[in-house]
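Visitor: There's a structure below that I have some questions on.
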Amino acid sequence: MILAADYESVFRNLGIEYFIQNIRFVPDLSTWAGKNNEALSEPGQLMKLVSSDDELTMVIQSEVPEETLDGLITALGVRWSLKDNITDISKQLNSTKKRLVFYFLKEYARSRKEFAGDELHEDDWAMKAMDSLGFFLE
């Protein structure tokens with residue numbers, strides 16, 4: 001089990017970079033979404049970007065099952081193979097920190113209208129953002 005709060009400073013720095021004013025941890029995102037009438041994009045979703053009163057909040061499930069995160073990265077690898085069938089995406093996202101950062105940025109990308117729900121474009125944007133922020137230099 002991954003404790004998301006262990007990466008709170010990373011999430012807060014990303015929040016500053018992308019004007020996300022609040023980071024909120026909840027025990028279970030699907031339960032939180034049901035209580036707050038928020039739709040989730042996928043089963044097992046770990047983060048949700050919400051807007052209220054001109055503020056953005058990233059709601060993050062506080063305990064992340066490793067197998068759920070691994071499954072999301074596997075799905076990314078399948079989608080990524082449509083763009084690039086040489087790169088092994090799991091080698092680029094080779095740490096829990098990088099995987100969580102990718103997921104945070106992917107969730108942010110879902111809110112951008114220019115992608116219109118195109119997951120491959122969201123993935124590409126998130127990977128490029130990680131590169132420009134220096135995460136692949138670690």
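The values are calculated or read from the model by the stated rules, or taken from the named source; none is laboratory data. Note that the structure is predicted; figures quoted are calculated from it, not measured. Positions of Cβ are backbone-derived with ideal geometry, glycine not excepted, and every protein chain shown enters the neighbour counts. Ligands, DNA and RNA are excluded from the accessible area calculation, which covers all protein heavy atoms including side chains. Shrake-Rupley method; radii C 1.70, N 1.55, O 1.52, S 1.80 Å.
Visitor: Carbon-plus-sulfur fraction of the accessible area of the chain, 1.4 Å probe, in percent?
Guide: Working: 3710 of 7620 Å².
Accessible surface attributable to carbon and sulfur in the chain totals 49 percent.
Visitor: Among the lysines, which fall within straight-line cross-link reach of Lys35, defined as a Cα-Cα distance under 28 Å, with same-chain neighbours fewer than 8 residues apart omitted?
Guide: Lys48, Lys106, Lys113
Visitor: In whole Hz, with x marking every Gly and Pro, tabulate ³J(HN,Hα) for the range 63-72 from phi via Karplus 6.51 cos²θ - 1.76 cosθ + 1.60, θ = phi - 60°.
Guide: Those phi angles translate into 10, 10, x, 4, 5, 5, 5, 4, x, 5 Hz.
Visitor: When the Cα centres of the range 1-65 and the range 114-138 are compared, how far apart do they sit, in Å?
Guide: 18
Visitor: Please compute the per residue accessible area over the chain with all protein chains in place, 1.4 Å probe, rounded to a whole number of Å².
Guide: It amounts to 55 Å² per residue over the chain.
Visitor: Would you kindly derive the ³J(HN,Hα) couplings of the range 93-104 from the backbone phi angles with the Karplus curve 6.51 cos²θ - 1.76 cosθ + 1.60 (θ = phi - 60°), listing them in order in whole Hz, with x for Gly and Pro?
Guide: Each residue of the range 93-104 in turn: 9, 9, 9, 4, 4, 5, 5, 5, 4, 4, 5, 4 Hz.
Visitor: DSSP loop GluC sites (Glu not before Pro) in the range 1-95 with at most 15 other Cβ atoms within 10 Å of their Cβ, which ones?
Guide: Numbers: sites: Glu8, Glu17, Glu38, Glu55, Glu63, Glu66, Glu67; in loops: Glu38.
Sparse-neighbourhood loop GluC sites (Glu not before Pro): Glu38.
Visitor: Could you calculate the contour length gain from Ile16 to Glu38, that is, 0.36 nm times the residue separation minus the distance between their Cα atoms, to one decimal place in nm?
Guide: Numbers: separation 22, 0.36 × 22 = 7.92 nm, distance 2.35 nm.
Separation in residues times 0.36 nm, less the Cα-Cα distance, equals 5.6 nm.
Visitor: To the nearest 20 debye, what charge dipole does the chain have about its Cα centre, counting +1 at the Cβ of each Lys and Arg and -1 at the Cβ of each Asp and Glu? Mind showing how you got there, number by number?
Guide: On the way: 15 positive and 24 negative charges, 17 e Å.
Taking the Cα centre of the chain as origin, the dipole is about 80 debye.
Visitor: Here's a follow-up. For the chain, what does the alpha-carbon gyration tensor say about shape, rounded, prolate or oblate, given a ≥ b ≥ c as the root eigenvalues, a/c under 1.5 as rounded, and a/b over b/c as prolate? The partial results should precede the final answer.
Guide: Values: a/c = 1.41, a/b = 1.36, b/c = 1.03.
Rounded shape, in that the Cα axes give a/c under 1.5.
Visitor: So, one more: Based on DSSP H runs of at least 4 residues, each adding -39500 (n - 2.57), what is the mean residue ellipticity at 222 nm of the chain after dividing by all its residues, to the nearest 500 deg cm²/dmol? Write out the running numbers ahead of the final one.
Guide: Values: 6 runs with 65 residues, N = 138.
Result for the chain, helices only: -14000 deg cm²/dmol.
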